[in-house]
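A.B. asks: Quick one: the structure is below, and I'll ask about it shortly.
The values are calculated or read from the model by the stated rules, or taken from the named source; none is laboratory data. Just so we're clear, the structure is a prediction, and the values are computed from it rather than from any experiment. When we count neighbours, we look across all protein chains shown, and the Cβ atoms used for this are built from the backbone with ideal geometry, even at glycine.
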Amino acid sequence: MSGSRRNIPTGPTPRVAQLLDQAAELVAHGHTLRAAAEKLGASYDAIRNGRQRHPQVAHEVDRRHVAEVRRQQAAAADEILASVRAAVGTTAVLDDPKRYFELATLAADWAQTRYREALFPSNGEQTLDGFFRHWYVPNRLFDATAGTKAMYEVALRRFYLVVGPVPLKEITQEHLRIFRNFLLGTVKPVTAGGYLRQVQTILIAAGPPAPYVRDAAGILDRVPYVRRPKAEVPAPKIVSLDRISAMYRAADQMTCPQLQAVSAAAWWRGVLVVAYNLGIRAGTLRAMRWDFIDPEQRLVTFPPEVMKSARYLMLPLNEVVLRHLDPLRAEGAELVFPWPKSHSYFWTALTMLQVRSGLKKRERFGLHRLRKTLATELWKHSPPAAQLMLGHANGVTEKHYVCSLEVIRPALETLPQPPAFVEQ
């Protein structure tokens with residue numbers, strides 16, 4: 001037997017080959033290798049060791065199954081593209097509005113990434129979106145905030161996905177009716193009314209000049225219109241002063257943000273005090289700079305670029321606010337409330353503060369609730385002060401004749417404070 005050799009297998013056994021193939025298929029569909037092993041009722045170590053011993057086989061089954069999954073995904077995406085293109089602009093989008101919007105959003109991304117083309121073919125005529133970008137923005141929104149422009153763009157994006165690239169001159173009342181009914185199937189009535197109002201505002205600007213729109217472009221002879229949905233505005237929800245106090249005291253337990261010269265506790269207490277006493281929105285609070293503040297005059301002036309209204313707002317600072325701003329001053333700092341992490345993590349940290357203060361899930365709130373609480377407390381003593389404090393422009397008198405500081409200051413000085421704010 002000196003001339004015979006023992007045959008040594010060079011590949012996996014049939015059972016191992018089958019396991020590697022089945023595991024590769026599950027992984028290609030999104031499972032982890034461990035989850036695939038569990039689903040197959042096999043040992044994770046056996047599959048992992050099999051892949052390590054037979055890398056060429058593992059690579060081949062991986063490549064084959066990934067290619068098959070991609071082929072299936074491409075076929076499904078092409079089917080979605082075809083269905084969305086067939087439904088757009090018709091009442092078919094109303095059969096299941098939420099599902100259609102989900103598929104239309106996916107189809108738009110797929111058309112762009114796979115085919116480098118728009119979701120819906122255009123004949124080159126001016127559309128509502130084109131009119132918005134080339135006429136409405138430079139003529140009407142030239143001094144608007146980025147947030148205001150973004151709201152219009154969201155509405156136009158939905159209009160495009162529902163109606164398609166209809167030429168501006170061919171938009172009809174039926175298009176608007178489909179858009180309105182679609183919105184009512186996907187968002188709350190008040191939100192639907194907002195989107196529809198923004199679209200109709202652009203259409204009015206494209207219509208004939210009139211006394212209230214003397215700069216209208218005159219592209220449309222007649223502007224299509226549909227009634228906006230009725231929306232019941234829910235009663236504003238406010239926060240009890242005791243709950244605000246509980247959060248204020250729990251600030252001692254916070255470790256974020258980690259700033260060089262300002263403690264996390266002082267930072268969070270400042271946020272609560274300023275948000276409640278000034279009633280500013282979260283975005284304005286994040287953008288608040290030290291050079292906005294005049295400590296001698298006890299004033300803070302917010303420029304248009306940090307205001308939703310895009311107008312200047314000057315507010316008095318009471319003793320409580322001034323006392324809580326002092327610990328936040330750091331040499332070289334520009335922002336009053338620097339936040340080194342993402343905006344989304346701010347809300348996570350705010351929730352953490354509320355948990356540590358003992359607030360139950362149903363009791364938790366965002367900073368806008370403090371704005372509503374301020375308005376309610378001020379209104380008890382002076383409705384004009386509450387209106388002026390929030391920067392809402394609703395009348396010529398308050399805009400041109402009333403010295404808002406003289407109205408707000410006495411009311412703000414007597415504003416009830418959460419007990420913890422004034423504890424020494």
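A.B. asks: Taking residue 87, is it hydrophobic (A, V, I, L, M, F, W, C), more than 30 Å from residue 179 (Cα to Cα) and not assigned by TED's automatic domain parsing to the domain that holds residue 121?
C.D. replies: Judged against the criteria, residue 87 is not a match.
A.B. asks: While we're here: Do we find a residue being assigned to a loop (DSSP other than H, G, I, E, B), touching a Lys or Arg at 6+ places or on another chain (Cβ under 6 Å) and not small (Gly, Ala, Ser) anywhere in the stretch 238-255?
C.D. replies: Checking the stretch 238-255: at least one residue is assigned to a loop (DSSP other than H, G, I, E, B), touching a Lys or Arg at 6+ places or on another chain (Cβ under 6 Å) and not small (Gly, Ala, Ser).
A.B. asks: Could you identify the single residue in 67, 58, 76, 82 that is part of a helix (DSSP H, G or I) and more than 28 Å from residue 105 (Cβ to Cβ)?
C.D. replies: Every option except 58 fails the conditions.
A.B. asks: Tell me which residues, restricted to the stretch 212-238, are in contact (Cβ under 8 Å) with a residue 24 or more places away in the chain and of a type in the set (Phe, Trp, Tyr).
C.D. replies: Within the stretch 212-238, just 225 meets the criteria.
A.B. asks: Collect the residues in the stretch 68-117 that are modelled with pLDDT of 90 or more, of a type in the set (A, V, I, L, M) and exposed (fewer than 13 other Cβ atoms within 10 Å of the Cβ), keeping them in residue-number order.
C.D. replies: 82, 86, listed by residue number.
A.B. asks: If you don't mind, there's one more thing I want to ask. Within the set of pairs 6 or more residues apart or between chains, which connect a residue that is under 17 Å from residue 155 (Cβ atoms) inside the stretch 86-103 to a residue that is aromatic (Phe, Trp, Tyr) with Cβ atoms less than 6 Å apart?
C.D. replies: Here the result reads 93/100; 93/182; 97/182, each pair linking the stretch 86-103 to a residue that is aromatic (Phe, Trp, Tyr).
A.B. asks: Continuing with this model, one more query. What pairs come up if the first residue lies in the stretch 402-424 and is on the phi < 0 side of the Ramachandran plot and modelled with pLDDT under 85, the second is of a type in the set (Phe, Trp, Tyr) and part of a helix (DSSP H, G or I), and their beta carbons are under 9 Å apart, counting only those six or more places apart or on different chains?
C.D. replies: Between residues of the stretch 402-424 that are on the phi < 0 side of the Ramachandran plot and modelled with pLDDT under 85 and residues that are of a type in the set (Phe, Trp, Tyr) and part of a helix (DSSP H, G or I), the close pairs are 423/248.
A.B. asks: From 255, 284, grab the single residue that is under 22 Å from residue 415 (Cα atoms), of a type in the set (Ser, Thr, Tyr) and either out of contact with any Phe, Trp or Tyr (no Cβ under 8 Å at 6 or more places or on another chain) or modelled with pLDDT under 95 (or both).
C.D. replies: Checking each option against the conditions leaves just 284.
A.B. asks: For the stretch 321-330, indicate whether the set of residues that are over 29 Å from residue 142 (Cβ atoms), at pLDDT 95 or above and in contact with a strand residue (DSSP E or B) (Cβ under 8 Å, 6 or more places away or on another chain) is non-empty.
C.D. replies: Looking through the stretch 321-330, at least one residue is over 29 Å from residue 142 (Cβ atoms), at pLDDT 95 or above and in contact with a strand residue (DSSP E or B) (Cβ under 8 Å, 6 or more places away or on another chain).
A.B. asks: Among the residues of the stretch 298-320, write down those that are among the aromatic types (Phe, Trp, Tyr) and part of a strand (DSSP E or B).
C.D. replies: Of the residues in the stretch 298-320, the ones among the aromatic types (Phe, Trp, Tyr) are 302, 312.
Across the stretch 298-320, the qualifying residue is only 302.
A.B. asks: Right, next: For the structure I just gave you, tell me whether residue 320 is touching a helix residue (DSSP H, G or I) at 6+ places or on another chain (Cβ under 6 Å) and closer than 29 Å to residue 148 by Cβ.
C.D. replies: no
A.B. asks: Right, next: Please specify each residue of the stretch 152-200 satisfying the condition of being under 25 Å from residue 109 (Cβ atoms), among the aliphatic types (A, V, I, L, M), out of contact with any Phe, Trp or Tyr (no Cβ under 8 Å at 6 or more places or on another chain) and exposed (fewer than 15 other Cβ atoms within 10 Å of the Cβ).
C.D. replies: Hits for the stretch 152-200: nothing passes.
A.B. asks: Name the one entry in 310, 333, 275, 266 that is outside the structural domain of residue 148 (by TED's automatic domain parsing) and at positive phi.
C.D. replies: 310
A.B. asks: Filter the stretch 112-152 for residues that are basic (Lys, Arg), farther than 13 Å from residue 205 by Cβ and either assigned to a loop (DSSP other than H, G, I, E, B) or in contact (Cβ under 8 Å) with a residue 40 or more places away in the chain (or both) and give the result.
C.D. replies: Across the stretch 112-152, the qualifying residues are 114, 116.
A.B. asks: Kindly list the number of the only condition in (1) surrounded by fewer than 18 Cβ atoms within 10 Å (Cβ to Cβ); (2) touching a Phe, Trp or Tyr at 6+ places or on another chain (Cβ under 6 Å) that fails for residue 239.
C.D. replies: (1)
A.B. asks: Is it fair to say residue 28 is over 41 Å from the mean Cα position of the chain (by Cα) and of a type in the set (Gly, Ala, Ser)?
C.D. replies: Spelling it out, it is not the case that residue 28 is over 41 Å from the mean Cα position of the chain (by Cα) and of a type in the set (Gly, Ala, Ser).
A.B. asks: Could you tell me which numbered condition residue 233 fails, if it satisfies all but one of (1) of a type in the set (Val, Ile, Thr); (2) closer than 16 Å to residue 335 by Cβ; (3) surrounded by fewer than 17 Cβ atoms within 10 Å (Cβ to Cβ)?
C.D. replies: Of everything listed in (1) of a type in the set (Val, Ile, Thr); (2) closer than 16 Å to residue 335 by Cβ; (3) surrounded by fewer than 17 Cβ atoms within 10 Å (Cβ to Cβ), residue 233 misses just condition (2).
A.B. asks: Moving on. Identify, by number, the condition in (1) in contact (Cβ under 8 Å) with a residue 60 or more places away in the chain; (2) in the same structural domain as residue 139 (by TED's automatic domain parsing); (3) surrounded by 15 or more Cβ atoms within 10 Å (Cβ to Cβ); (4) not hydroxyl-bearing (Ser, Thr, Tyr) that residue 204 doesn't meet.
C.D. replies: (1)
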